[in-house]
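**Student:** Starting off with a structure, shown below.
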Amino acid sequence: MAPTRTNGPVIVLGAGVIGLTTAVRLLEADPSLDVHILADHFPSDTLDANYASTIAGAHHLSFADDGDARQRRWDMRTFNVLYDEWKRVGETSGLMVLTQTEMWEGATAHLAIYEEHPDFRMLDPATAQCADISHMVSFTSLTIAPALYLASLEARVRALGAKLHRAHVPSLVALRTDPGLLALYGNPPSSVFLCAGLGARHLVSPSEAAALFPTRGQVVVVRAPWMRSGYTRQVGALGGGEGGTRTYVIPRCTGEVVLGGTMEKRDWTPYPREETAEDILQRALQICPDIAPPYARTWGEGEQVAALRSIVVRHAVGFRPSRDGGARVALGSAAGMRVVYNYGHGGAGWQSCWGCAEDAVALWAAGSARL
Ligand SMILES: Cc1cc2nc3c(=O)[nH]c(=O)nc-3n(C[C@H](O)[C@H](O)[C@H](O)COP(=O)(O)OP(=O)(O)OC[C@H]3O[C@@H](n4cnc5c(N)ncnc54)[C@H](O)[C@@H]3O)c2cc1C
């Protein structure tokens, strides 16, 4: 892409996976830009439910409906970018390639997008390790260790010349008028990429803010380095998005395994619930008995849960930044600036990040060319 004409600095608001991937693609498109990333949270911070990127599983397991061409394109583009990166650098940036087994209770069909993954296979549900499975497939996918991948993205944006500032932005107008913010980047910005996750609800119109809500997710992280395959059980219909109940076992290249989960709409409770954690441990053992430590594999169910409890590293809760109608990736204007919206990714921000970042930058570049 040819250098793009802009006046003043360009702000990327948010340093989750969406803001950082957007900043990478922006600076790759035009290295001459003066890009400043502003955020309350940065990758090396302690875990916080309001910083979804650090709490996520995170696996690449699309739930894009067969008819949702936009989400399918974002998800597959992201899979291919991550898969290529893994082929180049292996697990050094936090990526792990694995066989993913997806099981359904009640359904007899899978999402078409899974057939686009390498090594897609239909499996006999009678061979599932848990009862009542009616449909089962496997394919090659990948998982991401968020702390490692976010750190690698931060290093990439710094190397590309972005400046990072810890700052709370109370409104878009403040980016052009607040003396404290202006002192960080000199002149009023010409453009802002709004990648603030759930925080966007304080920065957009009231009607748009009403479409944004948290979908609480609770997980249990165990240390089980023997696990090198991923498993998921879906009970009930996805309903074109993230419906039904999902149990997942997500190994990471670090040897940690994320067990989950929950999908609790509009629940702002930021701490783990003990009864939920127990339920997650039991469900995880049902779909994947190998998660039990090897010495406990022949034990009874109660003892296996106790053995699993003994390898718990932490409990965590995060708020997926959900939006009625799905993610908002769009060009607009506000407070005298060009605004590119890139937020509201719900439970799919990791698996769609690169596709969304590329669309956001393309929208911005097309808007610049018209000036
Ligand atoms: C339990 C759980 C499991 C998940 N599993 C998966 C998975 O397996 N696969 C997947 O694809 N996705 C998963 N997700 C979803 C994924 O984590 C999110 O979609 C993604 O992290 C959203 O990224 P983001 O950058 O938009 O938001 P965030 O990571 O929340 O980052 C928001 C950024 O904006 C900043 N910010 C917000 N408001 C302001 C403000 N006013 N001023 C300054 N800074 C501000 C914050 O400080 C932060 O830096 C999961 C989420 C949870 C909670």
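The values are calculated or read from the model by the stated rules, or taken from the named source; none is laboratory data. Just so we're clear, the structure is a prediction, and the values are computed from it rather than from any experiment. Cβ: placed from backbone, ideal geometry, glycine included. Neighbour counts: every protein chain shown.
**Student:** Can you confirm whether segment 198-212 contains a residue that is more than 16 Å from the ligand (Cβ to nearest atom), polar (S, T, N, Q) and at negative phi?
**Tutor:** Looking through segment 198-212, at least one residue is more than 16 Å from the ligand (Cβ to nearest atom), polar (S, T, N, Q) and at negative phi.
**Student:** Considering every residue within segment 200-215, establish whether at least one is among the aromatic types (F, W, Y), over 24 Å from L363 (Cβ atoms) and buried (at least 16 other Cβ atoms within 10 Å of the Cβ).
**Tutor:** Yes: segment 200-215 contains one or more residues that are among the aromatic types (F, W, Y), over 24 Å from L363 (Cβ atoms) and buried (at least 16 other Cβ atoms within 10 Å of the Cβ).
**Student:** Which of the residues belonging to segment 145-173 are assigned to a strand (DSSP E or B) and in contact with a helix residue (DSSP H, G or I) (Cβ under 6 Å, 6 or more places away or on another chain)?
**Tutor:** H165
**Student:** Right, here's the next one. Can you pull out every residue in segment 35-63 that is in the same structural domain as S190 (by TED's automatic domain parsing) and more than 9 Å from the ligand (Cβ to nearest atom)?
**Tutor:** Matches in segment 35-63: V35, H36, S44, T46, L47.
**Student:** Do we find that A107 is of a type outside the set (K, R) and modelled with pLDDT under 95 in this structure? So that I can check it myself, show each step before the final result.
**Tutor:** Values: of a type outside the set (K, R): yes; modelled with pLDDT under 95: yes.
So A107 passes the test.
**Student:** Is it fair to say V12 is away from the ligand (no atom under 12 Å from the Cβ) and of a type in the set (A, V, I, L, M)?
**Tutor:** The answer is no for V12.
**Student:** If you go through segment 285-314, how many residues are under 24 Å from the mean Cα position of the chain (by Cα) and part of a helix (DSSP H, G or I)? It would help to see each step written out before you state the result.
**Tutor:** Taking segment 285-314 as the starting set, the residues that turn out to be under 24 Å from the mean Cα position of the chain (by Cα) are 287-288, 291, 312-314.
Next, only the ones that are part of a helix (DSSP H, G or I) stay: 287, 291.
Residues flagged as under 24 Å from the mean Cα position of the chain (by Cα) and part of a helix (DSSP H, G or I) within segment 285-314 amount to 2.
**Student:** Something else: Where the second residue is modelled with pLDDT of 95 or more and near the ligand (Cβ under 9 Å from one of its atoms) and the first is among the small types (G, A, S) and lies in segment 33-50, which pairs have Cβ atoms under 6 Å and are six or more apart or on separate chains?
**Tutor:** A39/G14; A39/A15; A49/V317; A49/G318; A49/F319
**Student:** Taking segment 232-268, which residues are basic (K, R), farther than 20 Å from F213 by Cα and within 14 Å of the ligand (Cβ to nearest atom)?
**Tutor:** Filtering segment 232-268 for residues basic (K, R) gives 233, 246, 252, 265-266.
Narrowing further to those that are farther than 20 Å from F213 by Cα: 233, 252.
R252, the sole residue that qualifies.
**Student:** Additional query: Of everything in segment 315-369, what is part of a strand (DSSP E or B) and within 9 Å of the ligand (Cβ to nearest atom)? Give them in sequence order. Before the answer, list the steps.
**Tutor:** Applying the first criterion (part of a strand (DSSP E or B)) to segment 315-369 yields 315-323, 328-334, 337-343.
A316, V317, G318, F319, R320, P321, S322, N342, Y343, listed by residue number.
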